[in-house]
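Notes to accompany the following structure.
The values are calculated or read from the model by the stated rules, or taken from the named source; none is laboratory data. As the structure is a computational prediction, the values presented were derived from the model and not from experiment. Cβ placement follows ideal geometry from the backbone for every residue including glycine, while neighbour counts extend to all protein chains displayed. Calculation scope for accessible area: heavy atoms of the full protein, side chains included, ligands and nucleic acids excluded. Shrake-Rupley method; radii C 1.70, N 1.55, O 1.52, S 1.80 Å.
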Amino acid sequence: MKDAKRNAIWGMTGSGKSTLARELAADFSHVIALDPAGDWGLEPGWKAVTTIAQAEHAIAAGMAGGFKIAWRPTFSTGQALDALSRALMVVQEPYRLGHTDRKICLMIDEMAEAYSNSDQQRADREGFRQLILQGRHYGVEIVGISQRPQDVGARFRDNAQVTYCFALPYQNARQPIAQMIGKKADDLISLERGHYLRIEGAVVSHGETRQPGKAPASRPAPKTRPRAKTAAKKASADA
Ligand SMILES: Nc1ncnc2c1ncn2[C@@H]1O[C@H](COP(=O)(O)OP(=O)(O)OP(=O)(O)O)[C@@H](O)[C@H]1O
Ligand SMILES: [Mg+2]
C-alpha cells in the first residue's frame, strides 16, 4: 500500500496550483481543505464550513461514505491548521493501529498564512508539527500550496517528499527551490501556465496539468524546454 506523503505545490498566482491540487486529491475519497480565501468551498460537491466544530461534524458525518470539506476559518489560519491537525490524528487513530486503510487528504491553500517560518517556532503549532512528522503513520496525505514558498515554514518545505513547482518569476521565491535543484530552478522563470517541475529527491521532471474540460491530447505535448538565457531575458522584459 502506498504511504501517505507530504506534497508541496508552489507557483505564482494563476499558474495552475489549484488545478494540480484537484488532480492529486482525486485519488482520495476523504479530502479536507484549509481554505482561507474561500475558493474550495465554492467548488461543486464541496461542503463549506467555518468553525472547527462544523469541520469535525462534517468529518464524522462523511467518514463512512467520503467527504470534500472546505474550511474557511474565521480566526487565525495557523490556529485552525493546528486544531485540524490534532483532530485528524484523533480520527485516524484506527489507521495507525492498522484497523483501517482509509486515508485522508489534507490540502492547505495559501500555506504561508497557515504555517509561516514564524508559526513553526511557536509552541501552539505543535499539532501540525506532529502531523508533518507522523502524518504518514496516520494515513494523512498533506498537500501544501503557496505562491510564496520562501514564506512557508521550512520544516514543511524541506520535508516534502514531492515538490511541484509552477512558474516563479521572482528570484526570492525561487531561492528555496534553487537550494534543492541548483541552476535548474532557472526554468521556473518562464514556465507557461499549467506547466511545472516535479522534484522528488534528486529526480526533476517536467509535467503539465490536464486542462479542465478538455479531453487528454491524443498525442503527447512536445516537452521543449526554454533555454535559460532566453527565459531570463523574457523575465526581465516582463518585469
Ligand atoms: N495545462 C493548462 N493549460 C492551460 N490552462 C490551464 C492549465 N491548467 C490550468 N489552467 C487554467 O489556468 C487558470 C489558473 O489555474 P489555477 O486556478 O489552478 O491557478 P492557481 O495557481 O491555483 O491560481 P491562484 O494563485 O489564483 O489560486 C485556470 O483557469 C485553469 O483552468
Ligand atoms: Mg488556486
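Miscellaneous remarks
- Hits in region 14-26 (condition: under 14 Å from the mean Cα position of the chain (by Cα) and either in a loop (DSSP other than H, G, I, E, B) or more than 10 Å from ligand 2 (Cβ to nearest atom) (or both)): Ser15, Gly16, Glu23, Leu24, Ala25, Ala26
- Residues in region 35-50 that are more than 16 Å from ligand 1 (Cβ to nearest atom) and either of a type in the set (A, V, I, L, M) or open to solvent by less than 50 Å² (accessible area, probe 1.4 Å) (or both): Ala48, Val49.
- One residue stands out in region 6-19 among those that are open to solvent by less than 20 Å² (accessible area, probe 1.4 Å) and under 19 Å from Phe156 (Cα atoms): the one that is nearest to ligand 1 (Cβ to nearest atom), namely Gly11.
- Condition met for Arg102 (buried (at least 16 other Cβ atoms within 10 Å of the Cβ), among the basic types (Lys, Arg) and outside any helix (DSSP H, G or I)): yes
- Region 159-175, residues that are open to solvent by less than 10 Å² (accessible area, probe 1.4 Å) and part of a loop (DSSP other than H, G, I, E, B): Phe166, Ala167, Leu168
- Subset of region 116-158 [away from ligand 2 (no atom under 16 Å from the Cβ), in a loop (DSSP other than H, G, I, E, B) and touching a helix residue (DSSP H, G or I) at 6+ places or on another chain (Cβ under 6 Å)]: Gly139, Gly153
- Hey, Asp151 modelled with pLDDT under 95 and open to solvent by 10 Å² or more (accessible area, probe 1.4 Å) or not: no
- Residues being within 19 Å of the chain's Cα centre (by Cα) and not small (Gly, Ala, Ser) are entirely absent from region 49-66.
- Looking only at residues of region 185-234 that are β-branched (Val, Ile, Thr) and part of a helix (DSSP H, G or I), we find that the one that is modelled with the highest pLDDT is Ile189.
- Look at (1) part of a helix (DSSP H, G or I); (2) more than 21 Å from the chain's Cα centre (by Cα) and you find that Leu88 fails only one, number (2).
- Checking Leu88 against (1) open to solvent by less than 40 Å² (accessible area, probe 1.4 Å); (2) more than 16 Å from ligand 2 (Cβ to nearest atom); (3) touching a helix residue (DSSP H, G or I) at 6+ places or on another chain (Cβ under 6 Å), the condition it does not meet: (3)
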